[in-house]
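Enquirer: Structure below; questions to follow.
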Amino acid sequence: MMSTDEPRYAAIGQAMARSGNLVTPYLWGSPWFEKPPLLYWMSAAFFATGQKPEVAARLPVALLSLAFLAVAAWLVAREFGGEASAVSISLLGTSAGWVAYSNFCLTDLPMAVFFSLALLLALPLLREEPETQGVTLRFVGVGVCLGMAVLAKALVPLALALPMAWFLRRWWRAWWWAAGAFLAVAGPWYCAMYLRHGMAFVNVLFINQQFSRVYSNSLQHVQPWYYYAPVLLAALFPWTPMFAIFLSWRARWDERRGLLLATALFGFVFFSVSMNKLPGYLLPLLPALFVLLGAEFEGRTFAELGKKWLVGPAVLIALIPLIAKGLPNALAAGKVSAFQLGHLGPTELFYVAAPLAALLLGRRSWLSVLLVLCVVAGGILLKVTAYRVLDERVSARGLWREVQRRNVTICDGGINREWAYGLSFYRGSELPVCGTGGGYDWELRAKGRERPRFDE
C-alpha cells in the first residue's frame, strides 16, 4: 500500500467485510466520514472472498477500469464511429494517468468512470438531429451514473457536470428523470448516514473535505495555481504530443465536441483555483480529452494521419525504460531531483529501440497498433523493473515483513504519516505512538519521507 489514502481506504473495506456494516465506514474502530462508500463497498466484496489484502483492495478498481474501457468503446463507436472509438480508448487505456490510477485503491478512478459514463450517455442528445425516442431512458442513465459518481467522491462530479447541464438545457423538462434516478442511487446512503451521525457527518464530509479544499491549507495538499499544467501533460503521456492535432487537423465542430471541450476546460480551471491539489483530481478529465481527440477521426482512418504526428509519442515511449530505472529513487526520496538513470542492459535498450524502429519501418496503417503494443510492453517492463524496489523502499509492506522477521513490537517514534498508515494497515490496527502506554521493543523514527529505522 502506498500514499496516505490507499492503506486507509483498504482498511475500511476490510473492516466492512468483517463487520457486515455497509453503511458507516470505520477506520481502526472509529467512524470515518471523509469519503463516500463506493470504493469501500468494492473492496469489501473482494475481502469477503478471502483475497490477499493488496488483491482485494486493488483488483476491483482494475476490473472497473477494464469494464469502463469496454463500455466506453461501444458508446464512442456508436457516436463517432469505430475508428474514433479505437483511437480514443486505446490511447486512454495506455495513458500514464489512467494506467497508474487503475492500479491503486483510490476513489479517483471510480468517480472518473461513472462521471465519464454520464457524459458519454449525454452526447447523443446534442446531435444536429438529436434523439427524440429514448430521451427518458438516457436521462435515467445519466442520473444513475452521476449518483454512482457521488457515492465515489461526494459533490465533485456534480460540479464537473455543470457544463453538461448547460449544454442539455433544451431538455430541461427531462431533467426530473435524471434527478429522480440520481436520488434513488445516492440518496439512501447519505440519508442513512445523516440519521445515524447527524451534523458530525455533514461537517466532515461536506464542510471539511469538500468546501474547505478550495480555501484552507489544513488538508496538507496546497499547491501553486499552475500545478496542473505539468500534471496534465504527464497524465496524457506518452500521447501528449498528439493533441497538437487540434492545431491543424480539426474535424467539423458541433455541440458534442463543445461539451467534451467545455467539460475538460471547466474541470481544469475548477481544480486549479482550489488551494488543495492532487494529481488524481484530473483523472475524470482524461476520457473527455481522449474522446475529443478520437472524434477527429470521425469519417477518417488513422492511416490518413501523417507519421510526423507520431514522432513525439514514439520518442516518449522510448523513454519508458529510462523512467523504469529512475522512478524508484525519485519516489523513495519524494523529489524529482533524486531521479537516477543507472546502467541500461540489452533488454532496456531493446525496449528503447522498438518504438523508434516501428516509427521508421512500420506502415502507417499498422503504426498506431505497434506503438500501443510498445506502450503495453514498456508498462510491463516498468512494473517488473520498479515493483521490487518500490515494494522494499517505498511501500510499508516491505518494512512490515522486516518487523515480522524480527518478531518485535513497534511504535511510532516520529515517522511520516504515509508510513504510519501503511504499517497500520498491515498490522491490522492503528500503529501506537511511542510513550502513550505499554512497552515496545523498537521505536520507528525517520526524517521526512525516508524509510523508518529501528531504534531500541
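The values are calculated or read from the model by the stated rules, or taken from the named source; none is laboratory data. Model, not experiment: these values are computed from the prediction. We place every Cβ from the backbone using ideal geometry, glycine too, and count neighbours over all the protein chains shown.
Enquirer: With the requirement that a residue be over 28 Å from the mean Cα position of the chain (by Cα), in a helix (DSSP H, G or I) and buried (at least 16 other Cβ atoms within 10 Å of the Cβ), what does the range 368-418 give you?
Expert: Passing the criteria: only VAL403.
Enquirer: State all residues of the range 10-47 that are under 20 Å from LEU399 (Cβ atoms) and in contact with a strand residue (DSSP E or B) (Cβ under 9 Å, 6 or more places away or on another chain); if no residue qualifies, say none.
Expert: Initial filter on the range 10-47 (under 20 Å from LEU399 (Cβ atoms)): 10-11, 14, 28.
The answer is ALA11, and nothing else.
Enquirer: May I pose another question? Between a first residue in the range 440-455 that is free of Cβ contacts under 8 Å to residues at least 12 places away in the same chain and a second residue that is charged (D, E, K, R), which pairs have beta carbons less than 9 Å apart while being 6 or more apart in sequence or on different chains?
Expert: From the range 440-455, the pairs are ARG453/ARG445.
Enquirer: Looking at PHE350, is it part of a helix (DSSP H, G or I), in the same structural domain as SER90 (by TED's automatic domain parsing) and either among the basic types (Lys, Arg) or at pLDDT 80 or above (or both)? Step through it out loud before you land on a result.
Expert: Working: part of a helix (DSSP H, G or I): yes; in the same structural domain as SER90 (by TED's automatic domain parsing): no; either among the basic types (Lys, Arg) or at pLDDT 80 or above (or both): yes.
In short, no.
Enquirer: Right, another one. Within the range 57-73, does at least one residue satisfy the condition of being modelled with pLDDT under 95 and among the hydrophobic types (A, V, I, L, M, F, W, C)?
Expert: yes
Enquirer: While we're on this one: For the range 81-93, give me each residue that is in contact (Cβ under 8 Å) with a residue 12 or more places away in the chain and either crowded, with 24+ Cβ neighbours inside 10 Å or small (Gly, Ala, Ser) (or both).
Expert: Keep residues of the range 81-93 that are in contact (Cβ under 8 Å) with a residue 12 or more places away in the chain, which gives 81, 83-93.
Correct list: GLY81, ALA84, SER85, ALA86, VAL87, SER88, ILE89, SER90, LEU91, LEU92, GLY93.
Enquirer: Kindly indicate whether any position in the range 439-452 is surrounded by fewer than 16 Cβ atoms within 10 Å (Cβ to Cβ), among the hydroxyl-bearing types (Ser, Thr, Tyr) and not in a strand (DSSP E or B).
Expert: no
Enquirer: I've got another one for you. Mind telling me which of the residues VAL222, VAL214 ends up being within 24 Å of PHE270 (Cα to Cα), of a type outside the set (Phe, Trp, Tyr), surrounded by fewer than 16 Cβ atoms within 10 Å (Cβ to Cβ) and touching a Ser or Thr at 6+ places or on another chain (Cβ under 7 Å)?
Expert: Working: VAL222 fails: touching a Ser or Thr at 6+ places or on another chain (Cβ under 7 Å).
The conditions single out VAL214.
Enquirer: Select, from ARG427, ARG405, the only residue that is without any contact (Cβ under 8 Å) to a residue 12 or more places away in the chain, out of contact with any Lys or Arg (no Cβ under 7 Å at 6 or more places or on another chain) and either outside the structural domain of THR94 (by TED's automatic domain parsing) or not polar (S, T, N, Q) (or both). Spell out the reasoning first.
Expert: Numbers: ARG427 fails: without any contact (Cβ under 8 Å) to a residue 12 or more places away in the chain.
Criteria check complete, one pass: ARG405.
Enquirer: Oh, and also: Working carefully through the options PHE206, PHE268, PHE246, PHE211, find the one that is more than 19 Å from SER85 (Cα to Cα), in contact with a helix residue (DSSP H, G or I) (Cβ under 8 Å, 6 or more places away or on another chain) and either of a type in the set (Ser, Thr, Tyr) or assigned to a helix (DSSP H, G or I) (or both). Give the derivation first.
Expert: Values: PHE206 fails: in contact with a helix residue (DSSP H, G or I) (Cβ under 8 Å, 6 or more places away or on another chain); PHE246 fails: more than 19 Å from SER85 (Cα to Cα); PHE211 fails: in contact with a helix residue (DSSP H, G or I) (Cβ under 8 Å, 6 or more places away or on another chain).
Residue meeting the stated conditions: PHE268.
Enquirer: Right, here's the next one. If only one of LEU106, LEU63, LEU75 is in a loop (DSSP other than H, G, I, E, B), within 21 Å of LEU146 (Cα to Cα), among the hydrophobic types (A, V, I, L, M, F, W, C) and assigned by TED's automatic domain parsing to the domain that holds LEU162, which one is it? Show your work before the answer.
Expert: Numbers: LEU63 fails: in a loop (DSSP other than H, G, I, E, B); LEU75 fails: in a loop (DSSP other than H, G, I, E, B).
Only one candidate qualifies: LEU106.
Enquirer: So, one more: Against the conditions (1) farther than 14 Å from PRO287 by Cα; (2) out of contact with any Asp or Glu (no Cβ under 8 Å at 6 or more places or on another chain), where does LEU75 fall short? Just the number, please.
Expert: Among (1) farther than 14 Å from PRO287 by Cα; (2) out of contact with any Asp or Glu (no Cβ under 8 Å at 6 or more places or on another chain), LEU75 violates only (1).
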